[in-house]
Amino acid sequence: MRINASGLVATLVMALVLSGCASQANKDPLEGFNRGVYKFNDTADKAVIKPIAGAYKAVLPSPIRTGVNNFFSNLGTVVTAVNNLLQFKFDRAMDDLGRVVINSTVGVLGLIDVASMDGIPKHSEDFGQTLGHWGVGSGAYIVLPFIGPSTLRDTAGFAVDTALFDPIGYVDHVATRNQARVVKFIDLRAQYLPASDLLDDAALDPYAFMRDAYLQRRQNQINDGVAGARDDDDEYGEDLPAEKAKEPAPAASSPASSSPAASSEAPSSAAANETSPSAVEATEHAATARVPAEEQAVIVEEPKAETTAEQTTSNQKTSQETSKQETTATEMTVATASSN
């Protein structure tokens, strides 16, 4: 399949524009349009797609469905390997390439997931995650017809993956290529039949639930499940990163302590403020400094106790020596008086 250069350039330009879209205060500025598309997708799913997926699951035995799923999963691993290379995650890329080689040969064109049996880890990456990895904002949330929830960044990533990285796209026979995509779509929908039933029963607002769940899941995928990593929601001004949230706020100085007159009139109060922490500092550092403070108190108090004991012992020795000297002087005086 030949790649249309103008379409590729347009896709990349769209991806570069996403960073400007991500600065919007509302993460769902197209909510009216998205709800309309969501309703269309829900109606089409319940009327056509879901019954076909149910029939697919009911007719085909589980081993065959597992083989079909493994086959398309093996092709998807190629997309993951390319995007791991683009993110400079070379260890993961080597795992992905190893999975493709093993499953495509020993696993009979990917029908059997031999790599998982051998304990080779499985990853999931796409070009949308690659853009997010390099700092491109997610942009506005958007619901695509038949595809479902996405963002402007992920839409561009989906286009690049489909046109460049997906092996199915390199099948020259158009009918075979389209049939493969349809089977892949139906197989994927059959896997999520229980989840769709749960969504309809549990969520008061399925659209909002789907939107929030999708955005959180995508951010978790971009961060590779690392908590406290960069969050696209920061660009909307909603959440702060864990590092910023943990930074202690500067202690507010009271007017009395900053006034020269007050400091000159009450030096004892200023000295007390220097030696004892303020209420704000005590609140901020209570959780983290409690154990070190206790240890420090022990370390500081023990030398004091030893010093006091040594001083007491020294004083006792001094008093004993003084008593001995006084006793000796008294005895000498008595002896002198007796001799006289």
Among the residues listed as Asp172, Asp96, the single one being more than 18 Å from Val68 (Cα to Cα), in the same structural domain as Gly225 (by TED's automatic domain parsing) and free of Cβ contacts under 8 Å to residues at least 40 places away in the same chain: Asp96
Subset of region 51-76 [among the polar types (S, T, N, Q) and either surrounded by fewer than 14 Cβ atoms within 10 Å (Cβ to Cβ) or not assigned by TED's automatic domain parsing to the domain that holds Leu164 (or both)]: Ser62
Output for region 124-155, where each listed residue is among the aliphatic types (A, V, I, L, M) and under 16 Å from Gln221 (Cβ atoms): Leu131, Val136
Helices (runs of 4 or more DSSP H) within region 107-161 that include 3 or more residues under 20 Å from Arg181 (Cα atoms), out of contact with any Pro (no Cβ under 9 Å at 6 or more places or on another chain) and in the same structural domain as Leu86 (by TED's automatic domain parsing): 152-160
Residue within region 163-172 that is of a type in the set (A, V, I, L, M) and out of contact with any helix residue (DSSP H, G or I) (no Cβ under 8 Å at 6 or more places or on another chain) present: no
Of residues in region 49-88 being free of Cβ contacts under 8 Å to residues at least 12 places away in the same chain and not in a helix (DSSP H, G or I), the one nearest to the chain's Cα centre (by Cα): Phe88
Which numbered condition Cys21 misses (of (1) more than 24 Å from Ala159 (Cβ to Cβ); (2) at pLDDT below 95): (1)
Complete set of residues in region 193-214 that are surrounded by fewer than 13 Cβ atoms within 10 Å (Cβ to Cβ) and part of a loop (DSSP other than H, G, I, E, B): Leu204, Asp205
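The values are calculated or read from the model by the stated rules, or taken from the named source; none is laboratory data. None of the values given here were measured: they were computed from a predicted structure. We place every Cβ from the backbone using ideal geometry, glycine too, and count neighbours over all the protein chains shown.
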